[in-house]
Amino acid sequence: MTLAELRERLGDEELTVVDVRTPLEFSGAARAHCDPRHGHIPGAVNVPLERILACRSAIEVREAVGIPEGVEVVAYCHSGTRSAFAAQVLEGAGYRARNYVGSWHEWSRVVPE
């Protein structure tokens, strides 16, 4: 997913934005020096990649994520690497999952809160 598409779809009830960073990154307490702002994309839910990877089945992934199967999901992290992997796992668990490649690194620069 691109920045333009995410901006357009933010708040869309048919899209769930999943932040796969750590809870400290999500809250803004853990700060990357390269980002002008800290925190998360408005409306995002925090499901750390480590929680997703601890699951042994698609059912466990869906329970860990807490989002109904079949929902469209866009995953993001800091730079798109963790979220790319998470999107593949989420797709395997029955979600229509995509990666926001620019992730927080891009969002923190161009989208004011």
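The values are calculated or read from the model by the stated rules, or taken from the named source; none is laboratory data. Since this is a predicted model, take the numbers as computed values, not measurements. Using ideal geometry, Cβ is built from the backbone for each residue, glycine included, and neighbour counts are taken over all protein chains shown. Note: accessible area is taken over every heavy atom of the protein model, side chains too, but ligands, DNA and RNA are not part of it. Shrake-Rupley method; radii C 1.70, N 1.55, O 1.52, S 1.80 Å.
Could you grab me the full set of residues in segment 45-100 that are out of contact with any strand residue (DSSP E or B) (no Cβ under 6 Å at 6 or more places or on another chain) and touching a residue at least 60 places away in the same chain (Cβ under 8 Å)?
Hit for segment 45-100 is 82, nothing else.
Based on this model, can you work out whether residue 33 counts as under 11 Å from the mean Cα position of the chain (by Cα) and in a loop (DSSP other than H, G, I, E, B)? Show your work before the answer.
Working: under 11 Å from the mean Cα position of the chain (by Cα): no; in a loop (DSSP other than H, G, I, E, B): yes.
Considered against the rule, which asks whether it is under 11 Å from the mean Cα position of the chain (by Cα) and in a loop (DSSP other than H, G, I, E, B), residue 33 comes out as no.
May I ask you to list the residues in segment 72-83 that are part of a helix (DSSP H, G or I) and either over 18 Å from residue 22 (Cβ atoms) or open to solvent by less than 40 Å² (accessible area, probe 1.4 Å) (or both)? Spell out the reasoning first.
Filtering segment 72-83 down to residues part of a helix (DSSP H, G or I) leaves 81-83.
Matches in segment 72-83: 83 only.
Which of the residues belonging to segment 25-37 are free of Cβ contacts under 8 Å to residues at least 12 places away in the same chain and open to solvent by 50 Å² or more (accessible area, probe 1.4 Å)?
29, 31, 33
State all residues of segment 84-104 that are of a type in the set (Phe, Trp, Tyr) and exposed (fewer than 15 other Cβ atoms within 10 Å of the Cβ); if no residue qualifies, say none.
If we filter segment 84-104 for residues that are of a type in the set (Phe, Trp, Tyr), which is where we start, we get 85, 95, 100, 104.
Hits for segment 84-104: nothing passes.
Considering every residue within segment 48-66, establish whether at least one is closer than 18 Å to residue 28 by Cβ, within 10 Å of the chain's Cα centre (by Cα) and crowded, with 22+ Cβ neighbours inside 10 Å.
So far as segment 48-66 goes, no, none of its residues is closer than 18 Å to residue 28 by Cβ, within 10 Å of the chain's Cα centre (by Cα) and crowded, with 22+ Cβ neighbours inside 10 Å.
Find all pairs meeting these conditions: Cβ atoms under 9 angstrom apart; at least six residues apart or on different chains; first residue within segment 1-16 and in contact (Cβ under 8 Å) with a residue 40 or more places away in the chain; second residue among the hydroxyl-bearing types (Ser, Thr, Tyr) and open to solvent by less than 60 Å² (accessible area, probe 1.4 Å).
1/76; 1/100; 2/100; 3/100; 6/76; 6/100; 16/95
So if I check each of 2, 16, 22, which one is more than 15 Å from residue 107 (Cβ to Cβ), open to solvent by 40 Å² or more (accessible area, probe 1.4 Å), out of contact with any Asp or Glu (no Cβ under 6 Å at 6 or more places or on another chain) and polar (S, T, N, Q)? Walk me through it before giving the result.
Values: 2 fails: more than 15 Å from residue 107 (Cβ to Cβ); 16 fails: open to solvent by 40 Å² or more (accessible area, probe 1.4 Å).
Step by step, each of 2, 16, 22 is checked, and only 22 is more than 15 Å from residue 107 (Cβ to Cβ), open to solvent by 40 Å² or more (accessible area, probe 1.4 Å), out of contact with any Asp or Glu (no Cβ under 6 Å at 6 or more places or on another chain) and polar (S, T, N, Q).
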